[in-house]
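Peer 1: Dumping the structure here so I can ask a few things about it.
Any read-out appearing in this document is the output of simple, stated calculations on the displayed coordinates, not a laboratory observation. Note that this is a predicted model, so its numbers are computed, not measured. As a convention, Cβ positions derive from the backbone with ideal geometry for all residues, glycine included, and neighbour counts pool all protein chains shown.
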Amino acid sequence: MIRSTKADHSIYAMLLTILLAATAFGQTSTNGELKSLAGYRYLERTENARADAKGLPLVIGLHWSSSTPEEFGGYISGFQFPVRILLLEGPYEHPRGGRSFYVRQPVSYYDMNADEKMAQLLKEADRLGKFIEAATALCSPKRKPIVIGASQGGDLSYVTAIRHASLITAAYPLLATFDERILNDAAMDKKKVPIFVYHGDDDPIVNLGDVKGHVKALSSAGYKVRLSTYPNTKHDISPQMKKDFVRQITKTFE
């Protein structure tokens, strides 16, 4: 017969404590289900903290066209500090599957003229602003959230930094573009937040030259903006790009 000693019980208790801590403080998903808030559905995750922890830094993520919160969530991960991540779902169905942050029917955003596109972009940015307000009230982070998005989600990240800067700490547009006329919009937020731009130098969809023009225009308008580029990278998030923006987000929240 195997005898159990007091020392054995101590070891078992210690192992159980470690196991419970790993479960509580690893990355978790709130039941893996999409929640609803302010006209959006979203997936909520935490890293290095319990799901019910209070005052966590808040990251709001916006996926690219024909994607999902789950797919984009694979890139908005790997933080080494306690953080809450809200991954929004685009409100419009995409013909190829997944979701879109821009209207696709009866007229697709991409078939609109420049003025119509800008009107849609501002409309969606204002809609996003209402979500950010509601999410901040719900989650009560100690600091205002950051917004990060790729491609069309990155477009909205740019415009949020221009139009709704008072709601965020910083913006992280990836692989993105925007209509620079927005910088002259009367509704532009008077506050200015840092904008960290990440882009592949071989992007066939959003030309790097256009992005450099955005950076110049933003700098001239008084924004603190930094562009990070990645060689041999197309319209995609490279491993080094992810490593860099995770590091910068960490610094932003320090």
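Peer 1: In bins 5 Å wide, starting from 0, what share of all Cα pairs of segment 212-251 does each bin hold, as a percent?
Peer 2: 6, 19, 22, 19, 23, 10, 1
Peer 1: Here's something else I'd like to know. Once phi is turned into ³J(HN,Hα) by the Karplus curve 6.51 cos²θ - 1.76 cosθ + 1.60 with θ = phi - 60°, what whole-Hz value does each residue of segment 54-63 show in order, with x for glycine and proline?
Peer 2: Per-residue couplings from phi come out as 9, x, 5, x, 10, 10, 10, x, 10, 6 Hz.
Peer 1: While we're here: Full extension from Arg143 to Leu208: what is 0.36 nm times the residue separation minus their Cα-Cα distance, to one decimal in nm?
Peer 2: Taking Arg143 through Leu208 to full extension adds about 20.2 nm, to one decimal.
Peer 1: OK, next. Looking at the chain as a GNM with Cα springs under 10 Å, which of Ala38, Ala165, Ala186 has the largest mean-square fluctuation?
Peer 2: Ala186
Peer 1: Per q in 0.16 Å⁻¹, report the Debye log10 I(q)/I(0) for the chain, using one uniform scatterer on each alpha carbon and no solvent.
Peer 2: Each listed q corresponds, in turn, to -1.19.
Peer 1: Need the list of lysines near Lys216 for cross-linking: C-alpha distance under 28 angstrom, and skip anything on the same chain fewer than eight residues off.
Peer 2: The qualifying lysines are Lys117, Lys123, Lys144, Lys190, Lys191, Lys192, Lys224, Lys234, Lys242, Lys243, Lys251.
Peer 1: Non-local amide H neighbours of Arg50 (under 5 Å, H modeled in plane, Pro and chain starts lacking H): which ones?
Peer 2: The list, which skips near neighbours in sequence, is empty: none.
Peer 1: Give the Rg (one decimal place) followed by the Dmax (whole number) of segment 149-206, computed from C-alpha coordinates and expressed in Å.
Peer 2: For segment 149-206, the Cα-based Rg and Dmax read 11.4, 35 Å.
Peer 1: Between Ser220 and Asp185, with labels modelled 7 Å along Cα→Cβ, what's the label distance in nm to one decimal, could you check?
Peer 2: Output for this residue pair reads 1.9 nm.
Peer 1: Now a separate question. Can you give the Rg/Rh ratio of segment 82-144, where Rg is from the C-alpha atoms and Rh is the Kirkwood radius?
Peer 2: With Rg and the Kirkwood Rh in hand, the quotient comes to 1.08.
Peer 1: Multiply the residue separation of Asp236 and Asn48 by 0.36 nm, subtract the distance between their alpha-carbon atoms, and state the gained length in nm to one decimal.
Peer 2: Gain in length upon complete extension: 65.0 nm.
Peer 1: What relative contact order, as a whole-number percentage, does the chain give when Cα pairs under 8 Å and 6 or more residues apart are counted?
Peer 2: 14 percent
Peer 1: For Leu227, which sequence-distant residues (separation of 5 or more, or a different chain) have an amide H within less than 5 Å of its own amide H, given hydrogens modelled in the peptide plane?
Peer 2: The answer is Val197.
Peer 1: Can you give me the Rg/Rh ratio for segment 66-107, using Cα atoms for both radii and the Kirkwood formula for Rh?
Peer 2: Taking Rh as the inverse mean 1/r over Cα pairs, Rg/Rh reads 1.12.
Peer 1: Which residue fluctuates the most in the chain, going by a Gaussian network model with Cα springs under 10 Å, if the choices are Gln152, Gln120, Gln240?
Peer 2: Gln240
Peer 1: Here is a further query. Using square roots of five times the C-alpha gyration tensor eigenvalues, list the equivalent-ellipsoid semi-axes of segment 106-254 in whole Å, biggest first.
Peer 2: 22, 21, 15
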